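Here, each number is a calculation from the coordinates, and none is a lab measurement. All of these numbers come straight from a predicted model, not from anything done at the bench. Virtual Cβ from ideal backbone geometry, glycine too; neighbours counted across all protein chains shown.
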Amino acid sequence: MRLPRRDLRARRPPTAEQRDALLDDLRRHRDEQAAAYRERARSLESPCLAGCHGCCHRLVLVELPDALLIARHLRASGAATKALRGALEGDAERAGRQTPNEYFGAAAGCVFLDQSSPGAACSIYDVRPADCRIWFIHGVRGDDLCGPGAPAREQPHLSIPGLEEADLRFCTRWAARFWSGVEARPVWVPLALGGLAALDLLEAGAPALDAWRPRLDGATQRSYALVDEIDE
């Protein structure tokens with residue numbers, strides 16, 4: 001039986017131009033999400049200020065859409081070098097064997113944190129992952145929590161339930177369109193690992209996803225276990 005034409009179109013993988021447009025949609029969504037969190041943080045008098053990079057030393061977890069957005073930026077800017085890939089691999093290995101508190105206490109800092117500039121700065125700020133965009137602490141003094149060694153469980157970060165649910169719906173729809181015709185399982189992994197996988201996926205496309213799945217699935221399971229442990 002011949003399938004209706006609309007079903008055939010739905011199953012066809014998106015073109016490079018269509019995927020680029022989807023990544024633009026994701027970036028707009030993330031910008032709007034961040035604006036809402038900044039406004040909420042101001043109303044709660046959050047101690048988070050421009051120039052502070054305490055949270056840039058903690059373990060950041062990313063979903064695959066955010067990692068792909070970052071990978072596109074790295075490729076377009078010429079930053080996706082062999083040296084960066086090596087740094088990402090090293091950080092991914094460290095994140096895979098340390099607890100969040102151990103990672104935070106090591107004080108190494110995010111791979112994308114440029115500590116050569118005064119005050120340090122994020123080298124991917126415009127495409128930083130959702131976890132970085134919406135992480136605001138509140139109700140406490142920032143200098144008590146932002147230094148290396150501050151326990152992850154003692155950071156009362158900002159949460160907006162309604163927006164979190166809307167974001168989940170958006171990302172679910174987005175992934176279905178970006179990976180049309182491919183099974184897309186949840187991915188929630190350390191930033192460095194997500195960045196490595198996304199660079200390969202942008203270059204090789206959906207076929208590379210099968211090669212990465214064992215490592216991404218294992219890291220995702222570990223991420224959920226670590227967060228459950230922190231929340232206890």
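Basic side chains Lys and Arg get +1 at the Cβ, acidic Asp and Glu get -1 at the Cβ, and with that the dipole of the range 16-231 about its Cα centre reaches some 260 debye. Once the C-beta distance of Gln18 and Ile160 is scaled by a Förster radius of 22 Å, the resulting FRET efficiency is 0.10 to the nearest 0.05.
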